[in-house]
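Read-outs throughout are calculated quantities, based only on the coordinates presented, and are distinct from any laboratory measurement. None of these values were measured; they are calculated from a predicted model. Every residue, glycine as well, gets a Cβ built from its backbone with ideal geometry; the counts of neighbours run over all protein chains shown.
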Amino acid sequence: MKLKKYYVEGYGCALNISETEKISGFLESQKFEQADDFKEADIVVINTCAVKAVTEQRMLSRISFLFENKRSGAKLFVFGCLSAARSAPIKKISEKMTVLDTNLESLCRALKIRPKKFSPEMKSVKTREMISIIPIATGCVGGCSYCITKIARGELHSYSEKEIEVAFKKATAESKEIWITSQDLGCYGVDSSSSLPKLLKRLLKNEGDYFVRLGMMNPNHFKKIHKQLMPLFENRRLYKFLHLPVQSGSDQILKAMGRKYSGKDFLDCLKIARASQPNITISTDVIVGFPGEAKADFEKTLALLGKAKPDVVNISRFGKRPGTKAAIMKNQLSESEKKERSRKISSFCKNLFLEKNKKLVGKKFDALVSEKAGNGFFTARTDCYRPVLVKSCFGKFARVRITKAYPNFFEGEIVSCQK
Ligand code: SF4
């Protein structure tokens, strides 16, 4: 009997990508076969992201393209955060496609298959050869006034330590790098009797050659768990990497954003992390142009970054997301003002990063060559998760020497490569 063919594509954060991989795994468990091209598929699933206005436009044009060019008789299912939080603009494209949400059960019902929930240990069809992504929770306990993800994914639901460990054991057998992800790792387990440090301690007991990368956690939660969390970074399998989104350096703006920490709290988090791990890589996020952000508030963000000296800054221009409190706030800034501020912060960060990165030229690090970077290059990740472009040793642990520094990455050479 000829198996029906499926095609799944996904966008957005690591959590969304992990669910995209699990939708493929689920469909294969239902005897569907993967199609190389969506034009050959009987069912096409797009797992959408809703985080920014520009992302929404990109999603809508991709959905239109898939709908107009899919094989006649094939079905298109629109899944994920955009369908959950913004179904109206999707339905405007055509009533003939199925608009779902972020729950696997809704896809099951639409396919007339017995409903099944997402769970960490369910089969994944990996999108990155050396990397397994493990979701440990969905939703969050935050109420950030600009965030549409909250509308799409709602309240926190932590998966159990047991089901996560089953997924982890599988991941250590089939991958070298494991991403632990959710919308806010820091609040993992507040809805159950667990916590991120408790879970990590259990997972890192698993033998094997692998690196674990932690996803994003909010500073207010890091402050509650750092005493138990930071000692775990002594384990060589845990990348010395922390992603703590700060969003603004102005306490007044942080309050309007609904963030539950101050600029000083954020700096305290970095002091604590660096006291325990002096070379730890700090990644953060900043939103410029939030409603009411006066020039002085913006200057405070620059000043905070100057003090914090992070290694990675993801810069976003504020964009109104329908249904959020911030979308109807007064004192919205002009697009040109937002553009000017993100330009300023981006060049400030570039100089900061290059000065820091130049100091690593000539140094050697343990690393894992975990990703393909194109043009014959691979990305090696040092034990502090710094990206180094190398020419060989893909999928292996290696010793690399940094030969050249750029603001956001390095070039390097392989000194030795695992047999
Ligand atoms: S913590 Fe805030 S920004 Fe993050 S998903 Fe929750 S509401 Fe959105």
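Using every Cα-Cα pair within the stretch 157-200, state what percent have a distance larger than 11 Å. It works out to 68 percent of all Cα pairs.
Taking every C-alpha pair closer than 8 Å and separated by at least 6 residues, the mean separation divided by the residue count of the chain gives a relative contact order of 10 percent. P(r) tail, the stretch 275-378: Cα-Cα pairs separated by more than 20 Å, 55% of all pairs.
Across the stretch 395-408, rounded Karplus estimates of 3J(HN,Hα) from the backbone phi angles (6.51 cos²θ - 1.76 cosθ + 1.60, θ = phi - 60°) give x, 10, 7, 8, 10, 10, 10, 6, 10, 8, 10, 10, x, 10 Hz, Gly and Pro being marked x. Remark: the stretch 131-358 is approximated by an ellipsoid whose semi-axes, taken from the C-alpha gyration tensor as √(5λ), come to 31, 21, 15 Å, largest first. Roughly speaking, what % of Cα-Cα pairs in the stretch 5-111 are separated by over 17 Å, rounded to a whole number? Tail of the P(r) past 17 Å holds 47 percent of the pairs.
Rounded to the nearest 20, the Cβ-based charge dipole of the chain about its Cα centre (Lys and Arg +1, Asp and Glu -1) stands at 440 debye. Between N375 and S347, the distance separating the two model label sites (each 7 Å from Cα on the Cα→Cβ line) works out to 2.5 nm. Database note for the chain: Cys without another Cys beta carbon under 4.7 angstrom, C13, C49, C81, C108, C140, C187, C269, C349, C384. Near Q34, the amide H atoms lying under 5 Å from its own belong to Y6; only residues 5 or more places off or on other chains count, and H is placed 1.01 Å from N. Mean residue ellipticity at 222 nm from the helices of the chain, using -39,500 (n - 2.57) per DSSP H segment of n ≥ 4 over the full residue count, to the nearest 500 deg cm²/dmol? Here the helix-only value at 222 nm equals -10500 deg cm²/dmol. The length gained on full extension between K75 and R274, counted as 0.36 nm times the residue separation minus their Cα-Cα distance, comes to 66.5 nm. Under 14 Å from the 7 Å Cα→Cβ point of R62, by amide nitrogen: which residues of the stretch 77-96? Within reach of a label on R62, which here means backbone N under 14 Å from a point 7 Å along Cα→Cβ, the stretch 77-96 contributes 77-83. When the chain is treated as a GNM with alpha-carbon contacts under 10 Å, the residue of E33, E95, E165 showing the greatest mean-square fluctuation is E95.
Answer with one residue from A326, S106, C81: the one whose Cα lies farthest towards the positive end of the charge dipole of the chain, charges on Cβ with Lys, Arg +1 and Asp, Glu -1. In the chain, that residue is A326. Amide H contacts of G258: S145, each under 5 Å away and 5 or more positions distant or on a separate chain (H built 1.01 Å from N in the peptide plane; Pro and chain starts excluded). Treating each Cα of the stretch 361-412 as one equal point scatterer and applying the Debye formula with no solvent, the log10 of I(q)/I(0) at q = 0.14, 0.18, 0.32 Å⁻¹ comes out as -0.26, -0.44, -1.39. Our coupling estimate for the stretch 355-360, obtained by passing each phi through the Karplus curve with A = 6.51, B = -1.76, C = 1.60 and θ = phi - 60°, is 4, 5, 5, 4, 5, 8 Hz, Gly and Pro reported as x. Stretched out straight at 0.36 nm per residue, the stretch from E163 to E40 would grow longer than its current Cα-Cα span by 40.8 nm. With Rh defined as the Kirkwood radius, the inverse of the mean 1/r over Cα pairs, the Rg/Rh of the stretch 61-103 is 0.94.
Here the dipole of the stretch 364-417 is about 80 debye; that uses its Cα centre as origin and unit charges on the Cβ of Lys and Arg (positive) and Asp and Glu (negative). For the pair D251 and K358, the difference between a 0.36 nm per residue extended length and the Cα-Cα distance amounts to 35.3 nm.
Going by amide H atoms built from the backbone, whose H comes under 5 Å of the H on T281, apart from near neighbours? Placed amide hydrogens put F241, L242 under 5 Å from T281.
Phi angles across the stretch 15-24 convert, under the Karplus curve 6.51 cos²θ - 1.76 cosθ + 1.60 with θ = phi - 60°, into 3J(HN,Hα) values of 4, 5, 5, 5, 6, 4, 5, 7, 4, 4 Hz, Gly and Pro given as x. Convex hull volume of the Cα atoms of the chain, normalised per residue: 152 Å³.
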